[in-house]
Amino acid sequence: MPDAHPRRRFALPLSRFPQLPPLLDVLLAVGYTTMAVLIGREEHAEWLSLDATGYLLTGLANLPVAFRRRFPVGVVIVCGLSWLTFIALGYFPALNAYGSLVALYTVTAERPRWMGFTSAVALAGVWVYSGVRTPDSSMATVMVMAVVIFMAVWKFGDNARKLSLRNAELAAVTERLHREQADRARRAVADERMRIAGELHDIVAHHMSVIAVQAGTAGYVFDSQPETARSALAVIAGAAREGNEELRRILSLLRAPTGNAVEPPQEAAPGVELVERLADRMRAAGVLTEVEVLGPRRSLPAGLDLCAYRVIQESLTNVLKHAGEAKATVTLDFRGEAFRATVADDGSGAAREDGDADGGHGLIGMRERARLYGGSLQAGPRPGGGFEVTLTLPVPQGTTA
């Protein structure tokens with residue numbers, strides 16, 4: 001029959017005990033004490049034999065070493081004073097030097113430099129005092145041994161302290177580098193999102209503007225001019241199809257490859273070679289648009305090519321939205337070391353949201369694109385009426401003509 005009151009196992013939580021010293025330090029303390037006791041029990045005619053006081057002082061001079069990492073200064077004081085008292089009472093002086101040496105090393109390694117040096121000088125004085133108490137001892141030898149032994153221990157401890165400080169600094173630098181890398185990764189993600197957002201803005205704004213204009217035209221002439229309406233619908237279909245293709249290309253950048261699936265080949269990003277297509281679409285939308293090429297055409301780096309195309313596209317979209325009845329001219333200048341693209345119109349429409357040189361997100365986005373590739377963009381009203389946008393991009397040496 002099961003016990004109605006099951007027995008509770010007695011468990012004493014370890015957190016109620018103070019932190020125990022490391023096992024190595026305990027073994028060192030016990031080992032030094034045992035060695036001192038064994039040597040002290042041997043016959044030393046000129047020294048007192050170990051008695052209860054001698055055993056007590058031997059324990060006080062060595063056993064505190066077990067707590068040297070938690071209380072280094074207190075341990076070196078207790079060990080040193082116990083050793084000094086042991087010598088003063090007439091016991092064998094060399095018995096209890098071991099604990100003081102270990103305590104000195106710990107103070108030097110884990111406390112400020114002056115504490116370690118002061119402890120070394122004090123313990124060296126105890127060593128010299130043991131030489132004074134020893135008959136027929138050579139004081140020169142005692143002095144040299146005091147300097148060599150205690151200064152050597154101090155130097156080893158000081159080197160350990162420096163190494164610990166360097167490790168702490170290295171850990172701090174490593175942590176700072178990890179934070180900086182994480183910040184750079186976050187900034188890279190934010191920049192990429194802004195770039196994709198700009199691409200989406202350009203694609204949607206241009207194609208939707210064309211679709212809106214053509215849809216209005218088709219609705220207005222649907223009954224009176226069926227051919228014009230059908231032409232407008234064809235332009236709408238073409239703009240929608242091209243916009244869909246560009247959106248698919250941009251959104252594919254957000255997909256991460258999974259497994260071993262083979263990614264379909266991506267279409268090349270549009271460039272200035274497609275400006276004629278933009279002009280055709282503008283003409284179909286009712287804006288007479290001409291394209292003028294100065295100098296021999298040459299291929300541009302992919303980034304610069306896309307930047308130029310997007311700026312021209314955005315500028316023509318602004319003409320379509322804000323210039324009213326206007327004529328637009330796109331000039332592609334391949335001469336010289338820089339590529340220049342100019343979009344000018346002679347419209348007299350109302351204030352342009354994207355045409356204000358000091359405001360409007362369209363111009364801000366275009367300027368950011370130009371700055372990204374080391375170029376510049378100027379935009380403003382023309383003296384004879386209308387508006388003009390000029391993009392200048394430096395072309396790296398070695399581009400093919």
Of the conditions (1) in contact with a helix residue (DSSP H, G or I) (Cβ under 9 Å, 6 or more places away or on another chain); (2) of a type in the set (D, E, K, R); (3) open to solvent by 80 Å² or more (accessible area, probe 1.4 Å); (4) at pLDDT below 80, R241 clears all except one; give me its number.
-> (1)
Given the conditions (1) out of contact with any helix residue (DSSP H, G or I) (no Cβ under 8 Å at 6 or more places or on another chain); (2) modelled with pLDDT of 85 or more, and given that H322 satisfies all but one, which numbered condition is not satisfied?
-> (2)
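If a residue must be hydrophobic (A, V, I, L, M, F, W, C), assigned to a helix (DSSP H, G or I) and more than 29 Å from T228 (Cα to Cα), how many such residues does segment 276-335 contain?
Filtering segment 276-335 for residues hydrophobic (A, V, I, L, M, F, W, C) gives 278-279, 282, 284-285, 287-288, 291, 293-294, 300, 302, 304, 306-308, 311-312, 316, 319-320, 323, 326, 328, 330, 332, 334.
This time we only want the ones that are assigned to a helix (DSSP H, G or I), so: 278-279, 282, 284, 302, 304, 306-308, 311-312, 316, 319-320.
Next, from what is left, pick out any that are more than 29 Å from T228 (Cα to Cα): 302, 304, 306-308, 311.
Qualifying residue count, segment 276-335: 6.
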What is the number of the single condition among (1) open to solvent by less than 60 Å² (accessible area, probe 1.4 Å); (2) farther than 22 Å from V132 by Cβ that F86 does not meet?
-> (2)
Taking G398 as meeting all but one of (1) open to solvent by less than 40 Å² (accessible area, probe 1.4 Å); (2) at pLDDT below 85; (3) not charged (D, E, K, R), write down the number of the exception.
-> (1)
Residues of segment 280-302 satisfying the condition of being in contact with a Leu (Cβ under 8 Å, 6 or more places away or on another chain) and small (G, A, S) = A285
In the set A160, A146, which member is over 18 Å from I77 (Cβ atoms), modelled with pLDDT under 85, assigned to a helix (DSSP H, G or I) and open to solvent by less than 50 Å² (accessible area, probe 1.4 Å)?
-> A146
Only one of (1) in a helix (DSSP H, G or I); (2) crowded, with 16+ Cβ neighbours inside 10 Å; (3) in contact with a helix residue (DSSP H, G or I) (Cβ under 6 Å, 6 or more places away or on another chain) is not met by Y91, so which one is it?
-> (1)
Residue satisfying all of: in segment 104-141; of a type in the set (V, I, T) and more than 24 Å from D158 (Cβ to Cβ); least open to solvent (accessible area, probe 1.4 Å) among these | T134
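The values are calculated or read from the model by the stated rules, or taken from the named source; none is laboratory data. What you are looking at is a predicted structure, and each value in this text was computed from that prediction instead of being measured. Quick reminder, even Gly has a Cβ in these numbers, built from the backbone with ideal geometry, and neighbours come from all protein chains shown. All accessible areas refer to the heavy atoms of the entire protein, side chains included, with ligands and DNA or RNA removed. Shrake-Rupley method; radii C 1.70, N 1.55, O 1.52, S 1.80 Å.
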